[in-house]
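One structure below.
Where a number appears in this text, it was derived from the coordinates with a stated rule and is not lab data. Predicted model, so just to flag it, every value in this text is computed and none were measured.
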Amino acid sequence: MFTNLRVMGGLLLDKLKRRLTDETGAVDVVAIVVLIGIVVLLAIIFKDQIADLLNSLFGTIEENATNAVNGG
């Protein structure tokens, strides 16, 4: 019985060591940070065009909503 516990404890310690030394998640975090940086940079570069697009979209939505409420 104690031998089984010792083996199971060894397996758990081995899994814990592998989990703590696994660096594959770090690459994913770096990739996400880089992508967020690119999106922010693009938003800064194209902010005027994005603002114009949003104003146009919301203007159309407002016009359609007004027509729908007024029955026209």
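ARG19 to VAL39: extension gain in nm, 0.36 nm per residue of separation minus the Cα-Cα distance? Present the calculation step by step, with values, prior to reporting the outcome.
On the way: separation 20, 0.36 × 20 = 7.20 nm, distance 3.16 nm.
Taking ARG19 through VAL39 to full extension adds about 4.0 nm, to one decimal.
Taking only the C-alpha atoms, wrap a convex hull around region 25-72 and report its volume per residue in Å³ as a whole number. Intermediate values should be presented prior to the final figure.
Values: hull volume 3.5 nm³, N = 48.
For region 25-72, the hull spanned by Cα atoms encloses 73 Å³ per residue.
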